[in-house]
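**Student:** Below is a structure I'd like to ask you about.
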Amino acid sequence: MKKLFIGGEWLEGSVYYDLASPYSGERIAEIPLASKEEVLNALSFAEKGAKIIRKMSSLERSEILEKVSQLFQERLEECALTLAKENAKPIKLARAEIKRTIETYKFAAEEAKRIHGETIPMDAALNGRGRFGFTIREPLGVIAAITPFNFPFNLVAHKLGPAIAAGNSVVLKPANQTPLSALITAEIFEEAGLPAGVLNVVTGRGSVIGDILVKDPRVKMVTFTGSLEVGLGIKEKAGLKKVTLELGSNSAVIVDSTDDLDSVVARCVEGSFSFAGQVCISVQRIYVQQSLYKEFIQKFVENAEKLVLGDPCSESTDMSSLIHLSEAERIEKWLKEAEQAGVEIVSGGTRQGSLLVPTVIAGDSSKLALSCQEAFAPIVCITPYETWDQAIDLANDSMYGLQAGVYTTSIQKAFDALNRLEVGGVIINDIPSFRVDHMPYGGVKNSGTGREGVRYSVEEMTELKFASFKL
Ligand code: NAP
């Protein structure tokens, strides 16, 4: 039986739900379903916590975050195993996520020491002569962090690290399928010496807890990572609070030209099927220059069919089950529609329970849900194109715009892609799934608003205040 972390105390819940492993179905924990009163209690403590952390020096905040990073290093294997159990992430990938989490907190520890404003040349204005102006960055106060199931350690780190670096307190609501990672994170912050009330973790139903957090006037910012549907609802309800939305996508990669097709194919296979495609920047659409198309598809299918499917705790597993059976059923429906529309499934297309076999669709699928909507499953659509302009138009033909990848040996085309692709990040000579944790990251169109990447989150999580001195 797990507990809520509120005001520095571990509190029993009044109602619990069973947390089951997505792969085995076994019950792995009982998790509190936080009530309205418990969420309001967490907010009261967060308000007190905000006053405490605001007074701490940047060095003190940095030292806590440094310690958090160290403690994750010590508990790496335990954290990875927790991930494999609660969200069916293959253990190899789970370890990689924890290594990134360690790095994200380290970046946050470093960033805590360099939050500063700038001086303004006041005498550049006719009326500014004889004045000295400068800015400072102040913490916002209480931040509500709402996080998804797919990277439950590292995406929580992307919210807690910068929020605490910048001197804010947090109420964290993790996804109901991945509360264990959030509770371990709270244990680690507690051990690292974070004062009571600065971090509070409430587990339970998103619609209940989320609504309270998003509407409460004590919350100054909502930082959300998750689906478009929920993100839109949050934006509508949040009023004048700051809101950062890191939403989904159906990311595209253009394969224009390369000296090493084998490596490009291997990377595209990794980008399409890593964590069963449940990655916001998973490769969902690949546009291949006509001259490379046939060879690309053949090599792609060969590589995809070598992936080892099965138990996430096994060292040899490359891909495991989807987060819920309903997700596999949704994709099965989309695949039926695609077949009826005459699209060719060149590999996969079947499932065993919630484990979907890596699926490759060839040809024009531009009007199908499989291509237009976010699949969030091990599915990829590969389409040939003739001209460069066609490739850019196809990649831009999406309601999303998170990141895009472009393989090209032409520097002109690389810069042209940078100018014309409607996305938050253009990744040249790699897949759109590339991310390191200090780079700016976020989308345009329906992929969201605001940027993460520790320094950029710190900017979002602070208020700029201006001072003018008449000399
Ligand atoms: P989700 O269903 O939108 O859930 C995300 C979080 O929102 C969960 O904690 C959920 O709680 C909570 N929630 C649900 N209803 C809510 C409401 N009415 N008000 C406030 N919060 C609510 O997303 P998911 O299935 O966990 O994650 C997959 C999605 O996240 C995909 O669309 C993916 O692309 C996106 N994502 C984006 C990024 C990025 O950086 N751009 C990164 C990772 C994932 P419950 O779990 O209790 O429902």
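The values are calculated or read from the model by the stated rules, or taken from the named source; none is laboratory data. Remember, predicted model here, so these are calculated numbers, not experimental data. Neighbour counts run over all protein chains shown; Cβ positions are idealised from the backbone, glycine included. SASA here: full protein model, heavy atoms, side chains in, ligands and nucleic acids out. Shrake-Rupley method; radii C 1.70, N 1.55, O 1.52, S 1.80 Å.
**Student:** Among the residues in the stretch 73-84, are any of a type in the set (S, T, N, Q) and surrounded by fewer than 20 Cβ atoms within 10 Å (Cβ to Cβ)?
**Tutor:** Filtering the stretch 73-84 down to residues of a type in the set (S, T, N, Q) leaves 73, 82.
Now narrow it down to the ones that are surrounded by fewer than 20 Cβ atoms within 10 Å (Cβ to Cβ): 73.
Yes, because at least one residue in the stretch 73-84 is of a type in the set (S, T, N, Q) and surrounded by fewer than 20 Cβ atoms within 10 Å (Cβ to Cβ).
**Student:** Okay, moving on. Condition first: of a type in the set (A, V, I, L, M) and farther than 20 Å from Pro384 by Cα. Now tell me which residues in the stretch 340-358 satisfy that.
**Tutor:** Applying the first criterion (of a type in the set (A, V, I, L, M)) to the stretch 340-358 yields 341, 343, 345-346, 355-357.
Answer for the stretch 340-358, where residues must be of a type in the set (A, V, I, L, M) and farther than 20 Å from Pro384 by Cα: Leu355, Leu356, Val357.
**Student:** Let me ask another. Consider Ala34 carefully, then state whether it is within 24 Å of Ile323 (Cβ to Cβ) and without any contact (Cβ under 8 Å) to a residue 24 or more places away in the chain.
**Tutor:** Numbers: within 24 Å of Ile323 (Cβ to Cβ): yes; without any contact (Cβ under 8 Å) to a residue 24 or more places away in the chain: no.
No.
**Student:** For Leu199, which of the numbered conditions (1) more than 8 Å from the ligand (Cβ to nearest atom); (2) open to solvent by less than 10 Å² (accessible area, probe 1.4 Å); (3) out of contact with any Phe, Trp or Tyr (no Cβ under 9 Å at 6 or more places or on another chain); (4) not aromatic (Phe, Trp, Tyr) fails to hold?
**Tutor:** Condition not satisfied by Leu199: (3).
**Student:** Being on the phi < 0 side of the Ramachandran plot, within 9 Å of the ligand (Cβ to nearest atom) and touching a residue at least 60 places away in the same chain (Cβ under 8 Å) is true for just one of Ile136, Ile164, Ile146. Which residue is that? Give the steps one after another, and end with the answer.
**Tutor:** Values: Ile136 fails: within 9 Å of the ligand (Cβ to nearest atom); Ile164 fails: within 9 Å of the ligand (Cβ to nearest atom).
Result: Ile146 is the single residue among Ile136, Ile164, Ile146 that is on the phi < 0 side of the Ramachandran plot, within 9 Å of the ligand (Cβ to nearest atom) and touching a residue at least 60 places away in the same chain (Cβ under 8 Å).
**Student:** Right, here's the next one. Could you run through the stretch 444-471 and say how many residues are within 16 Å of the ligand (Cβ to nearest atom) and in contact with a Phe, Trp or Tyr (Cβ under 7 Å, 6 or more places away or on another chain)?
**Tutor:** Within the stretch 444-471, residues that are within 16 Å of the ligand (Cβ to nearest atom) and in contact with a Phe, Trp or Tyr (Cβ under 7 Å, 6 or more places away or on another chain) number 7.
**Student:** Please state which one of Ile234, Ile286, Ile281, Ile254 is of a type in the set (A, V, I, L, M, F, W, C), open to solvent by less than 10 Å² (accessible area, probe 1.4 Å) and within 13 Å of the ligand (Cβ to nearest atom).
**Tutor:** Numbers: Ile234 fails: open to solvent by less than 10 Å² (accessible area, probe 1.4 Å); Ile286 fails: within 13 Å of the ligand (Cβ to nearest atom); Ile254 fails: within 13 Å of the ligand (Cβ to nearest atom).
Residue meeting the stated conditions: Ile281.
**Student:** Which of the residues spanning the stretch 114-157 are small (Gly, Ala, Ser), more than 25 Å from Val171 (Cα to Cα) and surrounded by 15 or more Cβ atoms within 10 Å (Cβ to Cβ)?
**Tutor:** If the condition is that a residue be small (Gly, Ala, Ser), more than 25 Å from Val171 (Cα to Cα) and surrounded by 15 or more Cβ atoms within 10 Å (Cβ to Cβ), then Gly117, Gly133 are the ones that fit.
**Student:** Which of the residues that make up the stretch 402-412 are away from the ligand (no atom under 11 Å from the Cβ) and crowded, with 19+ Cβ neighbours inside 10 Å? Talk me through it step by step, then tell me what you get.
**Tutor:** Step one: filter the stretch 402-412 for residues away from the ligand (no atom under 11 Å from the Cβ), giving 404-412.
Answer for the stretch 402-412, where residues must be away from the ligand (no atom under 11 Å from the Cβ) and crowded, with 19+ Cβ neighbours inside 10 Å: Ala404, Gly405, Val406, Tyr407, Thr408.
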